[in-house]
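Before any comments, here is the structure.
The values are calculated or read from the model by the stated rules, or taken from the named source; none is laboratory data. Computed from a predicted structure; not experimentally measured. Every residue, glycine among them, receives a Cβ derived from its backbone with ideal geometry; neighbour counts consider all protein chains shown.
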Amino acid sequence: MEDLKQLYDAIVEGNANKAKSLTTDALAAGMDPQDILNKYMIPAMDEVGRLFEINEYFVPELLISARAMKSALAILKPRLTATGAKPIGKVAIGTVKGDLHDIGKNLVAAMLEGGGFEIIDLGVDVTPEKFVNAVREKGANIIALSALLTTTMPSMKTTVEGLKEAGVRRQVKVIIGGAPVTQKYADEIGADGYSDNASSAVALARRLVNEPK
Amino acid sequence: MRLKLISCEIFYREMCHAVASSPNLIDIEFLPKGLHDIGSAPMLQRVQQTLDKVDESLYDAVIFGYGLCNNGLTGLRARTIPVVLPRAHDCITLFLGNKERYLDYFNSHLGTYFKTSGWIERGEASGELSQLSIQRQIGMDKSYDELVAKYGEDNAQYLYETLYGYKNYSQLTYIEMGIEPGDIFEQRTINEAAEKGWGYEKIQGDMSLIQRLVDGYWDEREFLIVKPGQYVNTTFGADIIRADQIEVVNRPK
């Protein structure tokens, strides 16, 4: 069996075309899709996260690696689904009501997807009701909220309240982030976690899905 | 009263106009707009340094031509005389005259960038501050050609679409304060909207909040008075900011 170290490298280097063709070849050669994901792709994204945290990688590098990961994952997904493999968690993510700034949200979504989560991307200006529906209808077990402005931060609070009113708050973990957001604010509105960057959001989400409810 | 005004340069024309017609004696110090681009902690540090250098024996209060500005003023400490700030998320409240009007407009016009004389003349960071900008620190300040050179054509195109431009924005709103020389700023905004293919709207600004700031009519619904021994904190609610007591750590003797 061909060593897929090259796929790992293609993701770390952010080469989407190479990542796609290597994944296609590996599947054609009969490799187990779950192995490709767990042994090469997820570790590659973990390495990308590490490089970001030691300031060797910056936002553009995170984005192109996540893009390479997503391209390869798109090829892998039908096969993974066929084997009945389950993601480690389902994250419904969006910028809160009133906020249209989605670079950070997209980055976090890409990193979480790279980290093995299924992403339900609700887009921008997302109402509390849409988050509630993502829990009820799509089975999201993590809600990730993003806001860039102090003007729109109160929508994070109303979203948490909306989840409570709908009776689904206990089924999900709520994580928040964005330039003006702080851990203190997360504590104040009763969110389960806060992260100040896309890479540590993955570690946070992994920790939360493993916590007892 | 004798007041010291520390203001963002984005209000240059408005503050000069308001001060000129104020009964108070006011010394103005303008700070560069680029402070907003360097992150909240470094911004606070520089604003605080400016306040700390004021000879407070000369004044009754220090007034601020700032909003909360993405937490760039969260943590600001008053020293020996009161500090007065408008309750505002950002400068648009000061241009529109009150925070409720801003919130209404914000919510009914998502995806709008605002233009005023200050935003047109002084909206871009320059010099040292542009070197320190968050965009630069996280690698989001590169030209398309630089991206191609570094990441290749395919990735550069993706990065350019993802990181730049004004994704999700679709309108320019020009706020006319009534103190501008003719329509030069309005015309520039109209041209910019046309170039971008965006909608355009002109609305009338309201100088009254800025005037009340410099005149000393500090109703607590509109302004926060931070007394000596207190600092500015965020409420995350409709009143935006509050004054909290600076906790003095008692050291064992």
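Table for the structure above
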| quantity | calculated |
| --- | --- |
| Residue match in segment B:182-191 (condition: touching a residue at least 60 places away in the same chain (Cβ under 8 Å) and in a loop (DSSP other than H, G, I, E, B)) | no |
| Top-ranked residue of segment A:28-54 - restricted to ones that are more than 12 Å from A:Leu73 (Cβ to Cβ) and among the hydrophobic types (A, V, I, L, M, F, W, C), ranked as nearest to the chain's Cα centre (by Cα) | A:Val48 |
| Criterion violated by A:Ala198 - all others in (1) at the interface with chain B (Cβ under 9 Å from one of its Cβ atoms); (2) modelled with pLDDT under 95 satisfied | (1) |
| Entirely in segment B:84-149, the helices (runs of 4 or more DSSP H) that have 1 or more residues that are touching a Leu at 6+ places or on another chain (Cβ under 6 Å) and at pLDDT 95 or above | B:91-96, B:99-108 |
| Segment A:178-195 - residue that is in a loop (DSSP other than H, G, I, E, B) and within 14 Å of chain B (Cβ to nearest Cβ) and, of those, nearest to the chain's Cα centre (by Cα) | A:Gly178 |
| Residue that is within 14 Å of chain A (Cβ to nearest Cβ), crowded, with 16+ Cβ neighbours inside 10 Å and under 26 Å from B:Leu73 (Cα atoms), where the choices are B:Val226, B:Val148, B:Val232 | B:Val232 |
| Residues within segment B:25-40 that are over 18 Å from B:Glu124 (Cβ atoms) and either touching a strand residue (DSSP E or B) at 6+ places or on another chain (Cβ under 6 Å) or in a strand (DSSP E or B) (or both), tallied | 5 |
| Residue count, segment B:110-145 (criterion: without any contact (Cβ under 8 Å) to a residue 40 or more places away in the chain, buried (at least 17 other Cβ atoms within 10 Å of the Cβ) and small (Gly, Ala, Ser)) | 1 |
| Given (1) free of Cβ contacts under 8 Å to residues at least 40 places away in the same chain; (2) within 11 Å of another protein chain (Cβ to nearest Cβ); (3) closer than 22 Å to A:Ala134 by Cα, index of the condition A:Ser155 fails | (1) |
| Some residue of segment A:117-132 being within 14 Å of another protein chain (Cβ to nearest Cβ), without any contact (Cβ under 8 Å) to a residue 60 or more places away in the chain and at positive phi | yes |
| Residue selected from segment B:59-109 under the condition within 14 Å of another protein chain (Cβ to nearest Cβ), in contact (Cβ under 8 Å) with a residue 60 or more places away in the chain and on the phi > 0 side of the Ramachandran plot, by the criterion surrounded by the fewest Cβ atoms within 10 Å (Cβ to Cβ) | B:Gly75 |
| Some residue of segment A:86-93 being closer than 17 Å to A:Asp121 by Cβ, surrounded by 16 or more Cβ atoms within 10 Å (Cβ to Cβ), in contact (Cβ under 8 Å) with a residue 40 or more places away in the chain and within 14 Å of another protein chain (Cβ to nearest Cβ) | no |
| Cross-chain or 6+ apart pairs with Cβ under 6 Å, segment A:6-25 first and part of a helix (DSSP H, G or I), then basic (Lys, Arg) | A:Ala10/A:Lys18; A:Ala16/A:Arg67 |
| Qualifying positions in segment A:158-173 - touching a Leu at 6+ places or on another chain (Cβ under 7 Å) and either in contact (Cβ under 8 Å) with a residue 12 or more places away in the chain or crowded, with 22+ Cβ neighbours inside 10 Å (or both) | A:Thr159, A:Val172, A:Lys173 |
| Residues being polar (S, T, N, Q) and in contact (Cβ under 8 Å) with a residue 12 or more places away in the chain - total across segment A:51-78 | 2 |
